[in-house]
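Just below is one structure, and these are the notes that go with it.
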Amino acid sequence: MIYELRVYQPVPGQMPKLLARFRDKVLPIWEGHGIRPIGFWTTLVGESSNELTYMLPWSVQRHGNTVHFRAKSVMPFPIFANQKHSANH
């Protein structure tokens, strides 16, 4: 299993739009593809209190020396100021 961690920093004042987009558009699409997020968090204190973080699990399949994992599509979000992601197993 690979776990993908994503952190989004929306343009200041756009967090409500970002949360609504995930709630109303992204989550239903993911559900239709069997993608179940582990969780979503917003940052309240620290370096940036304007962050949305979420984690997704991805199943891994091995074929010889090649590793394949479920492909994901990324929708463009013009309300982002910054995006970071990492994957770990």
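The values are calculated or read from the model by the stated rules, or taken from the named source; none is laboratory data. Everything numeric in this text was worked out from a predicted model, so none of it was measured. Note that we place each Cβ from the backbone using ideal geometry, even for glycine, and neighbour counts take in every protein chain shown.
Going through 35, 29 one at a time, which residue ends up being assigned to a loop (DSSP other than H, G, I, E, B) and modelled with pLDDT of 85 or more?
35
Select from segment 50-69 the residues that are of a type in the set (Ser, Thr, Tyr) and at pLDDT below 80 and write down the one among them that is farthest from residue 15 (Cα to Cα).
Here is the first cut: in segment 50-69, the residues of a type in the set (Ser, Thr, Tyr) are 53-54, 59, 66.
The next check asks that each one be at pLDDT below 80; those that pass are 59, 66.
Numbers: 59: 30, 66: 39 Å.
So, considering only residues that are of a type in the set (Ser, Thr, Tyr) and at pLDDT below 80, the one farthest from residue 15 (Cα to Cα) is 66.
Do you know which residues across segment 30-49 are surrounded by 11 or more Cβ atoms within 10 Å (Cβ to Cβ), touching a residue at least 12 places away in the same chain (Cβ under 8 Å) and either within 18 Å of residue 9 (Cα to Cα) or of a type in the set (Val, Ile, Thr) (or both)?
Listed by number, the residues that qualify are 35, 38, 40, 41, 42, 48.
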